[in-house]
Amino acid sequence: QVQLVESGGGSVQPGGSLRLSCAASGSIGSINLMGWYRQAPGKERELVADIFRGGITRYTDSVKGRFTISRDNAKNTVYLQMNSLQPEDTAVYYCHIAIPSHAPYWGQGTQVTVSS
């Protein structure tokens, strides 16, 4: 009933930028929280950033000042602008949404690779 479509991943050199987007569609009411997680090889999946419906955001310390999360509630879309990318940002990035009284939904993942 709910579909998440991610886009914007790719390969970039250190210092470069990418913008991820995730659009949710289907039987969706009010989406309380939208965000991004990432998982690097051999590492646990970790929160990168998320944003509440009212606009409050939070970021993991390693991306503060470099990444910006935003959302368009009318389009049920969340974005992640990633600047000054570094090799340690290399991971599969997963969109995540939380709807009250429902289990969380996850996107399929999009690969971000930062290398020279």
Worksheet item: Mind checking which pairs have a first residue in the range 32-49 that is more than 14 Å from S70 (Cβ to Cβ) and surrounded by 14 or more Cβ atoms within 10 Å (Cβ to Cβ) and a second that is modelled with pLDDT of 95 or more and of a type in the set (D, E), Cβ under 9 Å, 6 or more apart or different chains?
Response: Y37/E46; Y37/D50; R38/E46; R38/D89; Q39/E46; A40/E46; A40/E88; A40/D89
Worksheet item: Is it true that Q108 is polar (S, T, N, Q) and touching an Asp or Glu at 6+ places or on another chain (Cβ under 7 Å)?
Response: yes
Discussion item. Of everything in the range 60-116, what is of a type outside the set (F, W, Y), in a strand (DSSP E or B) and either touching a His at 6+ places or on another chain (Cβ under 8 Å) or loosely packed, with under 13 Cβ neighbours inside 10 Å (or both)? Give them in sequence order.
Written reply: D72, Q111
Item to complete: Say whether the condition of being open to solvent by 70 Å² or more (accessible area, probe 1.4 Å), of a type outside the set (A, V, I, L, M) and modelled with pLDDT under 95 is met by at least one residue in the range 1-12.
Response: yes
Worksheet item: Is it true that S25 is farther than 24 Å from S115 by Cβ and surrounded by 13 or more Cβ atoms within 10 Å (Cβ to Cβ)?
Response: yes
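The values are calculated or read from the model by the stated rules, or taken from the named source; none is laboratory data. Just so it is clear, the model here is predicted, and its values are computed rather than measured. A quick note on method: Cβ atoms are made from the backbone with ideal geometry, for glycine too, and the neighbour counts reach across all protein chains shown. Heads up: the accessible areas ignore ligands, DNA and RNA and are worked out on the full protein's heavy atoms, side chains in. Shrake-Rupley method; radii C 1.70, N 1.55, O 1.52, S 1.80 Å.
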